[in-house]
1. Between residues in the range 48-77 that are in contact (Cβ under 8 Å) with a residue 12 or more places away in the chain and at negative phi and residues that are part of a helix (DSSP H, G or I) and open to solvent by 80 Å² or more (accessible area, probe 1.4 Å), which pairs lie under 7 Å by C-beta distance while being six or more apart or on different chains?
2. Report yes if residue 155 is among the small types (Gly, Ala, Ser), open to solvent by less than 30 Å² (accessible area, probe 1.4 Å) and either assigned to a helix (DSSP H, G or I) or under 30 Å from residue 84 (Cβ atoms) (or both), otherwise no.
3. Checking the condition within 35 Å of the chain's Cα centre (by Cα), more than 18 Å from residue 169 (Cβ to Cβ) and of a type outside the set (Gly, Ala, Ser), which residue from 111, 74, 97 passes?
4. In the set 103, 107, 93, 115, which member is touching a helix residue (DSSP H, G or I) at 6+ places or on another chain (Cβ under 8 Å) and part of a helix (DSSP H, G or I)?
5. Go through (1) in a helix (DSSP H, G or I); (2) open to solvent by 70 Å² or more (accessible area, probe 1.4 Å); (3) over 24 Å from residue 34 (Cα atoms) for residue 148 and report which single condition fails.
Amino acid sequence: QTCALPIYGFKNLTTFKEPQMTATNGNVSRADRTDGILAMARQNASRGNDIANATRKIIAKRVALGLAAVLDPMHADHIEFARMVPEKVQAFSAAGMVMLNQSGEASRQMMRLASEEVMTTACATIEMTACCSPAAWAEAQSRFARAWLSRVTSSLNTMGMLMLTAQAAAMAPIRQTVAANAERLGG
(Lines give C-alpha, C1' and ligand atoms only; values in the text may rest on other atoms or scores of the structure.)
Protein backbone atom coordinates (compact mmCIF):
# COMPACT_ATOMS: atom_id res chain seq x y z
CA GLN A 1 0.00 0.00 0.00
CA THR A 2 1.35 3.40 -0.94
CA CYS A 3 0.64 6.54 1.04
CA ALA A 4 -0.42 9.66 -0.83
CA LEU A 5 1.48 12.89 -0.30
CA PRO A 6 -0.87 15.55 -1.68
CA ILE A 7 1.51 18.46 -0.98
CA TYR A 8 3.80 17.28 -3.77
CA GLY A 9 1.00 16.10 -6.02
CA PHE A 10 1.75 12.40 -5.56
CA LYS A 11 -1.66 10.85 -5.44
CA ASN A 12 -2.44 7.20 -5.99
CA LEU A 13 1.14 6.31 -6.68
CA THR A 14 1.54 2.75 -7.79
CA THR A 15 3.79 0.71 -5.63
CA PHE A 16 7.12 -0.44 -6.93
CA LYS A 17 6.57 -3.94 -8.27
CA GLU A 18 8.82 -6.94 -8.52
CA PRO A 19 10.45 -7.05 -11.98
CA GLN A 20 8.40 -8.67 -14.68
CA MET A 21 9.97 -11.07 -17.12
CA THR A 22 11.35 -9.04 -20.01
CA ALA A 23 13.60 -9.57 -22.98
CA THR A 24 16.51 -8.81 -20.64
CA ASN A 25 15.99 -11.69 -18.26
CA GLY A 26 13.77 -13.93 -20.40
CA ASN A 27 11.34 -16.43 -19.08
CA VAL A 28 14.03 -18.72 -17.75
CA SER A 29 15.31 -19.52 -14.30
CA ARG A 30 18.62 -18.10 -13.11
CA ALA A 31 20.08 -21.60 -13.07
CA ASP A 32 19.17 -22.10 -16.73
CA ARG A 33 20.76 -18.78 -17.67
CA THR A 34 23.87 -19.57 -15.64
CA ASP A 35 24.08 -22.99 -17.28
CA GLY A 36 23.78 -21.28 -20.67
CA ILE A 37 26.59 -18.88 -19.84
CA LEU A 38 28.80 -21.70 -18.62
CA ALA A 39 28.00 -23.77 -21.72
CA MET A 40 28.89 -20.83 -23.98
CA ALA A 41 32.14 -20.24 -22.07
CA ARG A 42 33.06 -23.93 -22.40
CA GLN A 43 32.23 -23.86 -26.12
CA ASN A 44 34.38 -20.74 -26.66
CA ALA A 45 37.25 -22.28 -24.72
CA SER A 46 36.97 -25.50 -26.71
CA ARG A 47 36.94 -23.61 -30.01
CA GLY A 48 39.92 -21.54 -28.88
CA ASN A 49 41.73 -24.76 -28.02
CA ASP A 50 40.85 -26.20 -31.46
CA ILE A 51 42.23 -23.07 -33.13
CA ALA A 52 45.44 -23.29 -31.10
CA ASN A 53 45.95 -26.99 -31.91
CA ALA A 54 45.29 -26.52 -35.63
CA THR A 55 47.52 -23.44 -35.70
CA ARG A 56 50.45 -25.40 -34.25
CA LYS A 57 50.09 -27.96 -37.05
CA ILE A 58 49.81 -25.26 -39.70
CA ILE A 59 52.89 -23.49 -38.38
CA ALA A 60 54.83 -26.77 -38.39
CA LYS A 61 53.81 -27.42 -42.03
CA ARG A 62 54.75 -23.89 -43.07
CA VAL A 63 58.11 -24.07 -41.28
CA ALA A 64 58.78 -27.27 -43.20
CA LEU A 65 57.78 -25.49 -46.43
CA GLY A 66 60.10 -22.62 -45.51
CA LEU A 67 63.03 -24.96 -44.88
CA ALA A 68 62.36 -26.71 -48.18
CA ALA A 69 62.28 -23.30 -49.89
CA VAL A 70 65.66 -22.41 -48.42
CA LEU A 71 67.12 -25.65 -49.78
CA ASP A 72 65.38 -25.44 -53.17
CA PRO A 73 63.99 -21.93 -53.85
CA MET A 74 62.92 -22.77 -57.41
CA HIS A 75 60.49 -25.45 -56.23
CA ALA A 76 59.19 -23.57 -53.19
CA ASP A 77 55.45 -23.28 -52.67
CA HIS A 78 55.27 -19.58 -53.56
CA ILE A 79 51.47 -19.69 -53.75
CA GLU A 80 51.25 -20.81 -50.11
CA PHE A 81 53.73 -18.13 -49.01
CA ALA A 82 51.73 -15.49 -50.91
CA ARG A 83 48.53 -16.50 -49.08
CA MET A 84 49.91 -16.27 -45.56
CA VAL A 85 49.75 -12.52 -44.88
CA PRO A 86 46.59 -11.61 -46.87
CA GLU A 87 44.55 -14.40 -45.29
CA LYS A 88 45.58 -13.31 -41.79
CA VAL A 89 44.77 -9.69 -42.57
CA GLN A 90 41.39 -10.73 -43.97
CA ALA A 91 40.54 -12.99 -40.99
CA PHE A 92 41.59 -10.50 -38.34
CA SER A 93 39.89 -7.61 -40.17
CA ALA A 94 36.66 -9.61 -40.24
CA ALA A 95 37.08 -10.42 -36.54
CA GLY A 96 37.73 -6.73 -35.82
CA MET A 97 34.55 -5.71 -37.65
CA VAL A 98 32.57 -8.27 -35.69
CA MET A 99 33.98 -6.89 -32.43
CA LEU A 100 33.21 -3.34 -33.53
CA ASN A 101 29.60 -4.28 -34.24
CA GLN A 102 29.30 -6.32 -31.05
CA SER A 103 30.78 -3.54 -28.92
CA GLY A 104 28.15 -1.19 -30.32
CA GLU A 105 25.45 -3.66 -29.30
CA ALA A 106 27.01 -4.04 -25.83
CA SER A 107 27.11 -0.26 -25.47
CA ARG A 108 23.44 0.03 -26.43
CA GLN A 109 22.50 -2.70 -23.94
CA MET A 110 24.48 -1.03 -21.13
CA MET A 111 22.89 2.35 -21.86
CA ARG A 112 19.43 0.76 -21.89
CA LEU A 113 20.06 -1.02 -18.60
CA ALA A 114 21.50 2.12 -17.00
CA SER A 115 18.55 4.22 -18.20
CA GLU A 116 16.09 1.67 -16.84
CA GLU A 117 17.86 1.73 -13.47
CA VAL A 118 17.74 5.53 -13.31
CA MET A 119 14.00 5.49 -13.99
CA THR A 120 13.42 2.66 -11.53
CA THR A 121 15.41 4.47 -8.84
CA ALA A 122 13.48 7.68 -9.46
CA CYS A 123 10.16 5.83 -9.15
CA ALA A 124 11.29 4.07 -5.98
CA THR A 125 12.47 7.38 -4.50
CA ILE A 126 9.13 9.00 -5.26
CA GLU A 127 7.32 6.04 -3.73
CA MET A 128 9.48 6.14 -0.59
CA THR A 129 9.02 9.89 -0.14
CA ALA A 130 5.25 9.38 -0.33
CA CYS A 131 5.21 6.89 2.55
CA CYS A 132 3.38 8.05 5.70
CA SER A 133 5.22 5.89 8.19
CA PRO A 134 8.65 4.38 8.79
CA ALA A 135 7.13 0.91 8.35
CA ALA A 136 5.71 1.81 4.91
CA TRP A 137 9.04 3.38 3.97
CA ALA A 138 10.97 0.28 5.08
CA GLU A 139 8.58 -1.95 3.13
CA ALA A 140 9.00 0.13 -0.03
CA GLN A 141 12.78 0.15 0.39
CA SER A 142 12.80 -3.61 0.93
CA ARG A 143 10.77 -4.20 -2.25
CA PHE A 144 13.13 -1.96 -4.18
CA ALA A 145 16.22 -3.76 -2.82
CA ARG A 146 14.84 -7.23 -3.65
CA ALA A 147 13.84 -6.16 -7.14
CA TRP A 148 17.24 -4.47 -7.64
CA LEU A 149 19.07 -7.69 -6.73
CA SER A 150 16.98 -9.62 -9.23
CA ARG A 151 17.58 -7.03 -11.96
CA VAL A 152 21.31 -6.78 -11.36
CA THR A 153 21.67 -10.56 -11.53
CA SER A 154 19.70 -10.63 -14.75
CA SER A 155 21.71 -7.73 -16.18
CA LEU A 156 25.01 -9.38 -15.33
CA ASN A 157 23.85 -12.60 -16.97
CA THR A 158 22.68 -10.68 -20.03
CA MET A 159 25.97 -8.81 -20.36
CA GLY A 160 28.00 -11.98 -19.76
CA MET A 161 26.14 -13.81 -22.50
CA LEU A 162 26.49 -10.82 -24.81
CA MET A 163 30.27 -10.80 -24.29
CA LEU A 164 30.59 -14.54 -24.82
CA THR A 165 28.47 -14.31 -27.96
CA ALA A 166 30.71 -11.51 -29.23
CA GLN A 167 33.78 -13.63 -28.52
CA ALA A 168 32.33 -16.57 -30.44
CA ALA A 169 31.36 -14.34 -33.37
CA ALA A 170 34.82 -12.74 -33.50
CA MET A 171 36.53 -16.13 -33.42
CA ALA A 172 34.43 -17.41 -36.36
CA PRO A 173 36.41 -15.82 -39.24
CA ILE A 174 39.70 -16.83 -37.62
CA ARG A 175 38.41 -20.32 -37.07
CA GLN A 176 37.26 -20.57 -40.70
CA THR A 177 40.68 -19.43 -41.97
CA VAL A 178 42.50 -21.87 -39.73
CA ALA A 179 40.19 -24.71 -40.86
CA ALA A 180 40.79 -23.83 -44.53
CA ASN A 181 44.56 -23.75 -43.93
CA ALA A 182 44.51 -27.06 -42.11
CA GLU A 183 42.52 -28.69 -44.89
CA ARG A 184 44.71 -27.22 -47.62
CA LEU A 185 47.94 -28.18 -45.86
CA GLY A 186 46.69 -31.60 -44.84
CA GLY A 187 46.80 -30.78 -41.13
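1. Short answer, once both residue conditions are applied: 51/175.
2. Numbers: among the small types (Gly, Ala, Ser): yes; open to solvent by less than 30 Å² (accessible area, probe 1.4 Å): yes; either assigned to a helix (DSSP H, G or I) or under 30 Å from residue 84 (Cβ atoms) (or both): yes.
So residue 155 passes the test.
3. Working: 74 fails: within 35 Å of the chain's Cα centre (by Cα); 97 fails: more than 18 Å from residue 169 (Cβ to Cβ).
So the residue among 111, 74, 97 that is within 35 Å of the chain's Cα centre (by Cα), more than 18 Å from residue 169 (Cβ to Cβ) and of a type outside the set (Gly, Ala, Ser) is 111.
4. Numbers: 107 fails: touching a helix residue (DSSP H, G or I) at 6+ places or on another chain (Cβ under 8 Å); 93 fails: touching a helix residue (DSSP H, G or I) at 6+ places or on another chain (Cβ under 8 Å); 115 fails: touching a helix residue (DSSP H, G or I) at 6+ places or on another chain (Cβ under 8 Å).
That would be 103, the only listed residue that is touching a helix residue (DSSP H, G or I) at 6+ places or on another chain (Cβ under 8 Å) and part of a helix (DSSP H, G or I).
5. Among (1) in a helix (DSSP H, G or I); (2) open to solvent by 70 Å² or more (accessible area, probe 1.4 Å); (3) over 24 Å from residue 34 (Cα atoms), the lone unmet condition for residue 148 is (3).
The values are calculated or read from the model by the stated rules, or taken from the named source; none is laboratory data. These numbers were taken from a predicted model, which means no experiment stands behind them. We place every Cβ from the backbone using ideal geometry, glycine too, and count neighbours over all the protein chains shown. Ligands, DNA and RNA are stripped out before the accessible areas are found, and what is left, the full protein with its side chains, is counted by its heavy atoms. Shrake-Rupley method; radii C 1.70, N 1.55, O 1.52, S 1.80 Å.
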